[in-house]
Amino acid sequence: MFSLCNIQINFVYLSISFYFIKRRLNTRNFILLTVFLPAILLGQGKDCHVNVMPCSKVPCYLSPVKKVQDTMITIMPEKCNDVHFDSTNNGIWKIYLYDDTTLLEVVRIKWGKKNGTDIIFYNNKTINEKATYKNGKLNGDYISFFEDGKVHMKGYYTTDNSSGFHSFTGKETKFWDNGKIAYKAIWKNGSYKEEDYWDAEGKKIDEEEWNKLWCACN
């Protein structure tokens with residue numbers, strides 16, 4: 001599936017490639033270019049999070065399409081990745097995908113910001129993740145699940161009142177899809193303090209080996 005990020009990266013890659021071709025790059029150097037430039041542009045970070053240039057935000061402004069007592073029903077536009085809520089409607093919001101039938105999220109909104117428990121669902125109606133917000137910031141328990149209901153990650157977020165930024169403090173745990181622990185970490189103010197790694201059979205391994213296994217499975 002193509003995305004804006006894919007298009008941006010491909011454009012940069014092709015532009016640089018054609019520049020060097022125009023300069024009559026010899027065969028050896030052109031091979032180095034075509035092999036190593038994509039790796040540079042798509043530098044792979046920890047947990048296979050690809051460190052590429054950020055995509056442009058596509059904002060959308062959600063208003064209720066229907067109200068049932070204190071519950072707002074609304075539809076998420078197909079390409080939105082920057083959600084803003086109507087600040088005049090406080091209460092529980094049920095957000096459906098653009099197909100109007102698939103429930104995506106249930107969250108309490110107060111003055112346009114998330115407050116309380118936010119639940120996001122998979123298309124099969126099982127819970128994807130459950131987080132706690134305060135004044136629009138992650139603040140409290142966090143847990144995510146595989147589609148079959150097994151726990152994937154769990155931890156705790158806090159928000160710095162002076163800066164307004166949220167950071168992960170507490171314990172983070174990841175699991176293999178067979179239910180065995182894959183990773184444990186202790187965080188403080190968004191930084192790792194202690195980390196341990198296991199393979200899917202329960203054997204303790206180092207970070208490099210674990211990253212290869214985890215990225216292959218997720």
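The values are calculated or read from the model by the stated rules, or taken from the named source; none is laboratory data. Given the structure is predicted, the values throughout are model-derived calculations rather than measurements. Every residue, glycine as well, gets a Cβ built from its backbone with ideal geometry; the counts of neighbours run over all protein chains shown.
Each residue in the range 187-218 was checked for being modelled with pLDDT of 85 or more, in contact with a Phe, Trp or Tyr (Cβ under 8 Å, 6 or more places away or on another chain) and of a type in the set (A, V, I, L, M, F, W, C), and 5 of them qualify. Number of residues in the range 167-194 that are free of Cβ contacts under 8 Å to residues at least 40 places away in the same chain, part of a loop (DSSP other than H, G, I, E, B) and more than 15 Å from Tyr157 (Cα to Cα) equals 3.
Working carefully through the options Lys154, Lys134, Lys130, Lys125, find the one that is surrounded by 15 or more Cβ atoms within 10 Å (Cβ to Cβ), of a type in the set (Lys, Arg), without any contact (Cβ under 8 Å) to a residue 24 or more places away in the chain and closer than 26 Å to Asp82 by Cβ. So the residue among Lys154, Lys134, Lys130, Lys125 that is surrounded by 15 or more Cβ atoms within 10 Å (Cβ to Cβ), of a type in the set (Lys, Arg), without any contact (Cβ under 8 Å) to a residue 24 or more places away in the chain and closer than 26 Å to Asp82 by Cβ is Lys130.
Ala200 passes every criterion in (1) part of a strand (DSSP E or B); (2) farther than 19 Å from Ile95 by Cα apart from (1).
For (1) of a type in the set (Gly, Ala, Ser); (2) outside the structural domain of Asn90 (by TED's automatic domain parsing); (3) under 17 Å from the mean Cα position of the chain (by Cα), each residue gets a yes or a no:
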{"position": "Ile109", "(1), (2), (3)": "no, no, no"}
{"position": "Asn115", "(1), (2), (3)": "no, no, no"}
{"position": "Ile127", "(1), (2), (3)": "no, yes, yes"}
{"position": "Lys130", "(1), (2), (3)": "no, yes, yes"}
{"position": "Ile143", "(1), (2), (3)": "no, yes, yes"}
{"position": "Lys154", "(1), (2), (3)": "no, yes, yes"}
{"position": "Tyr157", "(1), (2), (3)": "no, yes, yes"}
{"position": "Thr169", "(1), (2), (3)": "no, yes, no"}
{"position": "Ala182", "(1), (2), (3)": "yes, yes, no"}
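How many residues, within the range 70-92, are under 21 Å from Lys137 (Cα atoms), assigned to a strand (DSSP E or B) and under 21 Å from the mean Cα position of the chain (by Cα)? Here the count works out to 4.
With respect to Asp99, determine if the residue is exposed (fewer than 14 other Cβ atoms within 10 Å of the Cβ), out of contact with any helix residue (DSSP H, G or I) (no Cβ under 8 Å at 6 or more places or on another chain) and assigned by TED's automatic domain parsing to the domain that holds Pro64.
Details: exposed (fewer than 14 other Cβ atoms within 10 Å of the Cβ): yes; out of contact with any helix residue (DSSP H, G or I) (no Cβ under 8 Å at 6 or more places or on another chain): yes; assigned by TED's automatic domain parsing to the domain that holds Pro64: yes.
Spelling it out, Asp99 is indeed exposed (fewer than 14 other Cβ atoms within 10 Å of the Cβ), out of contact with any helix residue (DSSP H, G or I) (no Cβ under 8 Å at 6 or more places or on another chain) and assigned by TED's automatic domain parsing to the domain that holds Pro64.
In the range 195-209, the residues that are exposed (fewer than 10 other Cβ atoms within 10 Å of the Cβ) reach residues that are not in a strand (DSSP E or B) with C-beta atoms within less than 8 angstrom, at least six apart or across chains, in these pairs: Glu201/Lys180.
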